[in-house]
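**Student:** A single structure is presented below for examination.
The values are calculated or read from the model by the stated rules, or taken from the named source; none is laboratory data. Predicted model only: the values in this text are computed from it and were never measured. Cβ: placed from backbone, ideal geometry, glycine included. Neighbour counts: every protein chain shown.
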Amino acid sequence: MLTNWILQHFGAVYLDMFLLLGVALVVSSIGFYRLLYFINIGYAFAIVGMIVLMLVRHLESLSFVSGVQNGLLALWGLRLGIYLVRREFQAAYSKQKTEIHESFADVPWGVRVLIWISVSLLYVLMFSPSLSRLTEISASPSWFLVFSQGAGLLLMGGGLLMETIADKQKSDFKTERPRDYCDTGLYRLVRCPNYLGEIIFWVGNWVVGIMFYTTPLHWIVSSLGAVCIVLIMMGSTKRLESAQDGRYGDRSAYLQYIRTVPVLFPFVPVYSLKKVRVFLE
């Protein structure tokens with residue numbers, strides 16, 4: 001069998017990553033129905049599927065911290081996935097949904113396959129800190145291990161909470177005022193609090209596993225995943241900024257809003273990312 005060959009020639013870590021990639025490919029294949037699903041619904045539920053697989057394979061290695069880490073990852077994936085599925089059926093989102101799907105309708109199948117494989121690989125990279133935490137042993141001092149893991153879990157929990165609140169506030173706002181931009185709640189602090197929450201969550205996931213990166217492979221894989229999601233969220237911010245400028249750019253209140261509220265990072269006087277090259281846009 002292929003799995004036995006991988007285990008024999010490369011080792012258990014590569015086998016786990018191969019299996020994770022298989023799960024990500026299967027779940028994210030929903031994107032062949034609608035391209036955007038590769039990077040939203042497929043994204044959320046691919047992480048959930050990988051959690052289930054790794055817990056089945058490494059249940060005996062599950063510690064309290066690993067349990068909390070994977071619990072937060074599962075909550076993140078289920079919350080985001082359910083939110084995105086529900087949004088597909090909301091009247092306030094129907095026009096935007098139609099515009100998005102029409103804009104991707106002519107993407108060639110070869111490009112779709114490349115996107116499918118690329119995002120599936122990305123999801124494995126992003127999940128890899130949890131794999132390291134489950135399968136490796138840290139030689140770090142106990143006090144530093146406790147500190148790093150505690151900090152990482154706090155970041156994950158805080159990011160998840162921010163993202164949840166931001167999505168709820170925007171959904172409620174759009175239900176009542178579908179033609180307006182959301183500037184209430186967390187959106188008074190920063191214009192893209194949901195993207196900020198996503199960044200905080202995944203950086204926290206990387207921090208939880210930092211003392212368990214025992215080989216260069218662990219460091220490279222996990223760090224690539226963390227860097228990529230930060231760049232992707234910055235790219236998403238740029239796209240949303242441009243779209244909102246097109247919808248609301250003729251409103252004086254909106255122009256005042258974007259001049260006074262930071263675009264992504266609170267308390268940092270950066271009000272636009274339009275001229276920032278983030279590479280993954």
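**Student:** Does Leu80 satisfy being closer than 22 Å to Gly235 by Cβ and surrounded by 21 or more Cβ atoms within 10 Å (Cβ to Cβ)?
**Tutor:** yes
**Student:** Would you confirm, using the coordinates I've provided, whether Gly49 is free of Cβ contacts under 8 Å to residues at least 60 places away in the same chain, closer than 30 Å to Leu114 by Cβ and assigned by TED's automatic domain parsing to the domain that holds Tyr123?
**Tutor:** yes
**Student:** Please give the number of the condition Arg191 fails out of (1) surrounded by fewer than 20 Cβ atoms within 10 Å (Cβ to Cβ); (2) in contact (Cβ under 8 Å) with a residue 60 or more places away in the chain; (3) among the charged types (D, E, K, R); (4) not in a helix (DSSP H, G or I).
**Tutor:** (1)
**Student:** Could you tell me how many of the residues in segment 122-145 are in contact with a helix residue (DSSP H, G or I) (Cβ under 9 Å, 6 or more places away or on another chain) and surrounded by fewer than 18 Cβ atoms within 10 Å (Cβ to Cβ)?
**Tutor:** 6
**Student:** Same structure again: Within segment 32-52, can you find the residues that are part of a helix (DSSP H, G or I), buried (at least 16 other Cβ atoms within 10 Å of the Cβ) and over 16 Å from the mean Cα position of the chain (by Cα)?
**Tutor:** Leu35
**Student:** Does any residue of segment 254-262 turn out to be touching a residue at least 40 places away in the same chain (Cβ under 8 Å) and of a type in the set (Lys, Arg)?
**Tutor:** no
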